[in-house]
Amino acid sequence: MPDFASPWIAAWFWITLAIGLVWLRRHLQVNRGGKEHVLSEQDAQTVDQSGGGADSNGWPSLSVVVAAKDEEQNIARCIDGLLAQDYPRLQVIIANDRSRDRTPQIIDDYARRDPRLTAVHVRELPAGWFGKNNAMREAMQHATGELLCFSDADCAYDSPLLLRAAVSFARREGIEFLSVLPRLEANSLWEKVIQPVAGAIMVFWFPPQKVNDPRCREAYANGAFMLMTRRAYEAIGGHEYAKATLNEDMHMARQAKRVGVRLRVLQSAGLYRVRMYTGLKQIWRGWTRIFYGCFGTLPRLLASVIMLSIFSVSPYVALLASPLVGGSGLWLAAAAAFAIVSQQSILMRFYALTGNAPGWALTYPVGATVCLGMTLNAMTRLTGKTTNWRGTAYAGGAQVKTT
């Protein structure tokens, strides 16, 4: 038994040792998560012809709806990927949400060249609505599909079989609301450091095995890809239900579970990817918004701050502080090293599973510290602090002004 110089150093040692054991336990959780189905091109089989709205080949009509605001850098890639989908009864609707760049012209040009694409131009943002939700609502007035798929303008659809695979899996499994998770594309230094950590936080709070269990209240969806039946969309209340929320995907997923819609969330085997943000400023603002919208309450945000501080950052603090605590420092350093090695071993597995280079797990303490700051920033939104997103300011669930 180590002889500690003071009770607080002893407590620090045992807490750090316990943190290492918790990280080891996460190996088992990753193993369970690994049993969840991963959507791949092999899922793109002929669907059950008994479903309503299906043609002679068994494929129901499908409307893909995308809202775009100032997306001239991304929208062509998005549209090209959608129009290249190997899906027989496809309608693509792009809603230009008051863009001030070349987005409207790009959309109109595609609409003139391909009859499968419908261009919708939103001129004003009605009171009580957030921009994306209103754009989706207006686009839905033109949707004719039996199935609906909501996606984002910054998506890159790498596989032409994405829609076939998603529809086939959903109908085979009786899923009414399917959200397929993208690979998070990271090109800059800050993206590589922060994005995997932020994604890991979401997996921690919304583990797929719980989200996919109809008996569990936990709900999650990613707005980059939400496929649902028209009946499910109407049962949820459509975008009207989430009209004044910055995270409509989470609100619609929670409502889906409340009303008995069968929800499923899947990883994909590289079928599509999203580059969410490019620089530190965008990452900070974007993930602050996501954390605020997904957690939404002071207890959950506070719990996230505590968990990040204790389990992600404190082992490194303990290691750095160990030379300063006298003879007990070796024991504290040993406990910290055990916690860090346990943490890194599971993180490298997680990074590999999510399409990130495992070596970037070494930057985890930096990414976790930034995520800690973003979570604290999200807590300030609960006080009514203004959130600026896509040229519109919001506070307390209401639009403040538009620019």
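Nothing in this text is a laboratory measurement; each read-out follows from the coordinates by a stated rule. None of these values were measured; they are calculated from a predicted model. In this analysis, Cβ positions are derived from the backbone assuming ideal geometry, glycine residues included, and neighbour counts consider all displayed protein chains.
May I ask you to derive the FRET efficiency for residue 109 and residue 363 from their Cβ-Cβ distance with R0 = 51 Å, giving the value to the nearest 0.05?
In this case the efficiency is close to 0.80.
Report, to the nearest 10°, how far helix 103-113 tilts away from the longest principal axis of the Cα atoms in the chain, using its own Cα long axis and a range of 0 to 90°.
For helix 103-113, the angle is close to 40 degrees.
Choose one answer from 91, 105, 344: the residue with the largest mean-square fluctuation in a GNM of the chain with alpha-carbon springs under 10 Å.
105
So what's the angle, to the nearest 10 degrees on a 0 to 90 scale, between helix 329-353 and the longest Cα principal axis of the chain?
20
Below 13 Å, Cα to Cα, which aspartates and glutamates can residue 210 reach? Residues fewer than 8 away in the same chain don't count.
36, 218
Grab every C-alpha pair in the chain, bin the distances at 10 angstrom width from 0 up to the longest one, and report whole percents.
5, 21, 31, 24, 12, 5, 2, 0
Calculate how steeply helix 248-258 sits against the longest principal axis of the alpha-carbon atoms of the chain, using the helix alpha-carbon long axis, and give the answer as 0 to 90 degrees to the nearest 10.
Computed tilt is about 90 degrees.
In whole Å, what are the extents of segment 61-186 along the principal axes defined by its C-alpha atoms, from largest to smallest?
Result, largest extent first: 41, 34, 29 Å.
Cα centroids of segment 335-387 and segment 114-177: how far apart, whole angstrom?
31
Compute a Gaussian network model of the chain, connecting alpha carbons closer than 10 Å, and tell me which residue from 134, 74, 187 fluctuates the most.
187
Based on C-alpha coordinates, I'd like the Rg and Dmax of segment 315-356, in Å.
Rg, Dmax (Cα atoms, Å): 13.3, 43.
Return the calculated 222 nm mean residue ellipticity for the chain, to the nearest 500 deg cm²/dmol, obtained by summing -39500 (n - 2.57) across DSSP H runs with n ≥ 4 and dividing by the residue count.
Mean residue ellipticity, 222 nm, calculated: -14500 deg cm²/dmol.
If the limit is 29 Å between Cα atoms, which of 69/281; 35/69; 192/243 go over it?
Checking Cα-Cα distances, 35/69; 192/243 exceed 29 Å.
In the chain, what percentage of the DSSP-assigned beta bridges are antiparallel, given to the nearest 5?
Here the antiparallel bridges make up roughly 40 percent for the chain.
Given springs between every Cα pair under 10 Å in a Gaussian network model of the chain, which of 331, 190, 59 has the largest fluctuation?
Per the Cα network of the chain with a 10 Å cutoff, 331 tops the list.
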